[in-house]
Amino acid sequence: MHGSPQRALSTEGPALCSANADLAMQLSAAAVDGDRNQVKQLLADLLRRRTWYTDEDLTSLLQALEDLFSLLHSMALTDELTGLHNRRGFLRSGAQLLDMAGCQQHGALLIYIDVDQLKYVNDTSGHAAGDALLRRTAQVLHDVSGNHNVVGRLGGDEFAVLDASTKRSSRNQVLHHIQDAVEDRNASGGDPALSLSIGFAEFDPLSPVSITTLLALADRSMYRHKTRALGRLECALAAP
């Protein structure tokens with residue numbers, strides 16, 4: 001009796017091995033797409049090939065694999081430090097939100113955020129201080145974001161928010177909300193003070209663009225903001 005699983009495995013043959021490999025490829029594709037139902041079905045198909053499992057064993061294994069998939073999928077899309085979407089998660093959710101905006105014929109606003117002086121903070125105060133600054137940035141963006149927003153850390157000192165609930169005229173309002181939230185965080189403590197450079201790009205459903213194009217436009221807008229701010233700082237330092 002103890003040898004039956006091994007005998008069953010040895011008689012499956014090359015055809016079943018090839019079928020299993022095909023199922024594994026399908027499983028990988030479904031995991032990348034985040035298609036939970038497809039993953040569940042493929043896992044069930046794969047496990048049913050092992051005929052020595054009882055129904056109870058199969059149910060337990062399937063649940064464990066589903067839980068593992070959920071964990072891995074979440075880890076693949078989440079920034080560990082801040083708990084926000086990482087770049088992959090932001091691009092995925094942002095693309096879905098823009099598709100919806102295009103179908104419903106309403107605009108969206110991409111807000112690109114850069115944490116000022118992060119490298120200086122890391123060099124002078126240590127990476128723990130820099131990480132704290134990044135977490136405070138994530139808290140600010142969480143505070144000003146609604147249910148219709150996708151928020152992510154794109155990497156390093158760069159963050160983004162995609163807001164599909166705003167109108168063209170509300171750009172200044174969004175900027176003021178972020179500035180107020182930054183001031184509140186700074187007033188409640190934390191050193192060094194948080195400072196952000198911000199850029200915008202608007203999504204027009206009548207002339208739609210991809211999430212990557214919108215990010216590039218907002219990035220350029222943010223860079224212009226940062227350059228102007230640095231220019232003002234240099235003028236102030238040069239003044240008698």
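I'd like the Karplus ³J(HN,Hα) series for region 94-102: coefficients 6.51, -1.76, 1.60, θ = phi - 60°, whole numbers in Hz, and an x wherever there's a Gly or Pro.
Result, rounded to whole Hz: x, 4, 5, 5, 5, 4, 5, 4, x.
Write down the Å³ per residue value for the convex hull defined by the alpha carbon atoms of region 68-176. Don't skip to the end; give the middle numbers.
Details: hull volume 11.3 nm³, N = 109.
In region 68-176, the Cα convex hull volume per residue is 103 Å³.
The numbers here are math on the coordinates, done by the rules we state, and not lab data. Just so we're clear, the structure is a prediction, and the values are computed from it rather than from any experiment.
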